[in-house]
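First up is the structure itself, then whatever we jot down about it.
The values are calculated or read from the model by the stated rules, or taken from the named source; none is laboratory data. Keep in mind that this is a model prediction, so the values were computed, not measured. Don't worry about glycine lacking a Cβ; one is built from the backbone with ideal geometry, like all the others, and counts go over all protein chains shown.
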Amino acid sequence: MRNYTITLIGVPSSGKTTLFNAVTGRNQAKVPWPNSEFLLSKGKFPHGEVIYHFYDLPGVQSLSGTSPLEGLINQWVTEHASNLFLFVCNAACLEQELPLLLTLMTHTPNIIVCLNKVDLLRRTPLSIDTDVLSKQLSLPVIRLSAKKQNGLYQLLCSIDDWTEQPATAKMPLSNFTSPSKQATELFRSCSTTFSNLFAKWRYQHGK
């Protein structure tokens, strides 16, 4: 059996824990974070000849290490305790959450972007082109609704694809000297804002 460690990371309220619960079900437990007062959620998902071990990290806004929790998560990322990271973001708040992703990309190329809560986009004037976002990031981007368990199959397929050919070269830090500015430019390239009237029509008609 092959074993892979997969870490869910994102800002608070991005839906990480909902996704973690949807994937691991009852195969999970709380484990102590070494040398700290924090607890980690750990779960597993047996899949054919592979066992995926999932960790759900507490939500943070950055990896700057200005708080004890940020310092621990920064250490987790920089010491490569995980084979693969699932960056879980709220699709309706993508621009605000991209800086954390861009920072994570300077540490590892092994990331799958989980664009969560896409069902809520129908209630807003915002539309995200995931193909453009994926191309700009050079990362897989999966649309899903963890709460409704939509898109989980596509996510697991993407994870399976990664196990066959993991990335090797991380993004140079110099490429993202200003994550906030880069995030704004990236968001503009992959998003469209409709009028509120059209957004209301789209929601009413399920588009």
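Before moving on, here are some points about what is shown:
- Taken over the range 112-131, the criterion of being without any contact (Cβ under 8 Å) to a residue 40 or more places away in the chain and either assigned to a strand (DSSP E or B) or closer than 16 Å to SER189 by Cβ (or both) is satisfied by VAL113, LEU115, ASP131.
- If only residues of the range 59-77 that are assigned to a loop (DSSP other than H, G, I, E, B), in contact (Cβ under 8 Å) with a residue 40 or more places away in the chain and not small (Gly, Ala, Ser) are counted, the one that is farthest from GLY15 (Cα to Cα) is LEU63.
- Annotation note: Cβ proximity below 9 Å between a residue of the range 30-42 that is farther than 20 Å from TYR52 by Cα and a residue that is modelled with pLDDT of 85 or more and in a loop (DSSP other than H, G, I, E, B) (sequence gap 6+ or interchain) occurs for PHE38/PRO58.
- Applying the criterion of being of a type in the set (Gly, Ala, Ser) and touching a residue at least 40 places away in the same chain (Cβ under 8 Å) to the residues of the range 78-98, the residue that is surrounded by the fewest Cβ atoms within 10 Å (Cβ to Cβ) is ALA81.
- Put simply, of LEU8, LEU39, LEU101 the only residue that is surrounded by 18 or more Cβ atoms within 10 Å (Cβ to Cβ), of a type in the set (A, V, I, L, M) and over 19 Å from SER180 (Cβ atoms) is LEU8.
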